Amino acid sequence: MKSLAIIGSQWGDEGKGKITDLLGLKCDVVVRYQGGNNAGHTIIVGDKKIVLHLIPSGILHSHCTSVVGHGVVLDPGAFLDELKNVEASGIKVTSSNLMISANTTVITHYNKLLDGQREAKGPVKIGTTGKGIGPAYEDKISRKAIKVRDLLNLEVLEQKLSANLIEKEALFKNLYQCEYPSAKEEAARLFELGKSLAPFVADTFSYLDKCVTEGKKILFEGAQGVLLDIDYGSYPFVTSSSTSYGGIFTGAGMPAGKVEEVLGITKAYTTRVGEGPFPTELFDDVGEKIQTIGHEFGATTGRKRRCGWLDLPLLKYSVKCSALTSIALTKLDILSEVDVLKVCTSYKYEGKEIDCAYPGIDLSKVEPVYKELKPFTDDFSGKLSTEVKDYIALIEQTLGIPVGILAFGPERSQIKFLKEYF
Ligand code: GDP
Ligand code: IMO
Ligand code: MG
């Protein structure tokens, strides 16, 4: 296998970081192709916990090259802070193991301000991470974004930021009535940060093109999850990028490459951070127990994650719209601690029963139909119990793809491969 994509199949935080780290060991290149530092990918190495937001999770392996593709939005200050943290944990980062596309969109201070003001003042609260993600993608789509290459030229930065500020100033002054830096101040700040970023700026398109030609093993590290996709997700309660499989081809800058395996990282239950519909959400002691023992707190914002049962209609939809070829089932150890076990197998919606959350249905109006299973209490040290096998079998039969990985703890060793990758 030469190429594999890691895709979150739910609402994010499925354990993508851990799986990327483990499979990264076997490949040459790891590419982030969408999102920004709204992501929080946790990797536990011995007694060290490393949370990566923007730097690809391949950085922990010295033989691996980490690439930030042009579909990403990059906050230079946050990136450099993250770099410091990574280096402080003993990892050597150089321009040969970390590359950023010169065409990557920059998150400016204006973007972050707008995100914060909209969330605080409405009218619609999405529950964003407050990192400026949506406004940065707006700038990109409306063709006025600052690109990483611009950080290296003060004159260009001043020109572009001044033009950029014309509309935003009206919002800051009149609508939100908040302080904001002048274009000159913001240009100076970004230019200064650009000096430290410069060694990593590269033509990642040509680099990846060469990797494909040479038959290098490439892993695409998705951020967020399918249900947060700007097109496929639970709009408007989504992020602003293409988190699904399709995002790879535009966001990584690798149009000719073929992705052989699309691995959907799936938590054995469901969680969600922020606002928006969540059909299987639990509001009882079981939900609270899962939240507590699962340490379900956002890795980026520290917010409590909402918890609920596994939702097969949603997963069936994710399999279809992200072309998933197998599943990594994570956090099974948490369900081992719970003495009830339910799975949503279909929804009642507008008088009908449906088994796939196809687009167009209003997820806030569905009534989940549950199948109750015998709970499992496996510690995963030996053979799997019949109960956990039944749980896995139900998932495989419903989704029509195999479960290739079982994860039962945050550490690197707490994993079972049922299928070979790379
Ligand atoms: P990501 O955004 O998809 O990379 O996931 P996060 O890092 O935000 O959240 C997943 C959390 O679960 C992290 O704290 C991981 O260390 C942890 N984790 C990953 N896999 C497992 C697992 O199988 N069991 C347990 N208990 N924790 C896990
Ligand atoms: P990883 O990669 C979970 C959610 C936010 C909010 C919505 C929009 O760690 O799985 P944004 O700041 O992106 O405009 O917020 O998306 N969100 C995530 N939820 N995991 C993430 O990333 C997320 N990134 C964004 O909570 O509901
Ligand atoms: Mg996360």
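Label the stretch 1-106 by shape, choosing from rounded, prolate and oblate, from the square roots a ≥ b ≥ c of the eigenvalues of the Cα gyration tensor; if a/c is under 1.5 it is rounded, and otherwise prolate applies when a/b is larger than b/c, oblate when it is not. In terms of gyration-tensor shape, rounded. Full extension of the chain between Val124 and Phe283 yields a length gain of 54.9 nm, computed as 0.36 nm times the residue separation minus the alpha carbon distance. Taking Cα centre as origin and charging only the Cβ of basic (Lys, Arg, +1) and acidic (Asp, Glu, -1) residues, the dipole magnitude of the chain rounds to 560 debye. Each residue in Asp231, Asp311 was given a count of other beta-carbon atoms within 10 angstrom of its own, and listing them fewest first yields Asp231, Asp311. Our analysis of the chain gives Rg over Rh at 0.97, with the two radii drawn from alpha carbon positions and Rh computed by the Kirkwood formula. Multiplying the residue separation of Lys383 and Val340 by 0.36 nm and removing their Cα-Cα distance gives an extension gain of 13.3 nm. Put the Cα centre of the stretch 283-337 next to the Cα centre of the stretch 119-188 and the gap is 34 Å.
Helix 183-197 and the longest principal axis of the Cα set of the chain meet at an angle near 70°. Each of Tyr110, Val156, Ile401 was scored by the projection of its Cα onto the charge dipole of the chain, and the greatest displacement toward the positive side belongs to Val156; charges sit on the C-beta of Lys, Arg, Asp and Glu. The packing ranking of peptides 297-307, 89-99, 127-137, highest mean first, is 127-137, 297-307, 89-99, where packing means the average number of other beta carbon atoms within 10 angstrom of each residue.
Full extension of the chain between Ala393 and Ser182 yields a length gain of 70.1 nm, computed as 0.36 nm times the residue separation minus the alpha carbon distance. The charge dipole of the stretch 8-94, taken about the Cα centre with unit charges on the Cβ atoms of Lys, Arg (+1) and Asp, Glu (-1), comes to about 160 debye, rounded to the nearest 20.
For the stretch 380-404 versus the stretch 75-97, the spacing of their alpha-carbon centroids is 39 Å. Dipole check for the stretch 105-196: with +1 at the C-beta of Lys and Arg, -1 at the C-beta of Asp and Glu, and the Cα centre as origin, the magnitude is about 260 Debye. Taking a point 7 Å out from the Cα of Lys195 in the direction of its Cβ, the residues of the stretch 78-119 whose backbone N falls within less than 16 Å of it are 80. In the stretch 295-382, taking the dipole from charged Cβ atoms about the Cα centre, the farthest positive-side position among Trp309, Phe376, Gly298 is held by Gly298. Counting only residues at least eight positions apart within a chain, or on another chain, the lysines with an alpha carbon under 21 Å from that of Lys147 are Lys112, Lys131, Lys160, Lys168, Lys184, Lys195. Relative to the longest principal axis of the Cα atoms of the chain, helix 154-170 runs at roughly 70 degrees. For the chain, the relative contact order works out to 21 percent when only alpha carbon pairs closer than 8 Å and six or more residues apart are counted. The angle between the Cα long axis of helix 204-213 and the longest principal axis of the Cα atoms of the chain comes to about 50 degrees, rounded to the nearest 10.
Read-outs: derived from the displayed coordinates by stated rules, not from any lab. Because the structure is predicted, anything quoted here is derived from the model rather than measured. Heads up, the Cβs are rebuilt from the backbone with ideal geometry, glycines too, and the neighbour counts pull from every protein chain shown.
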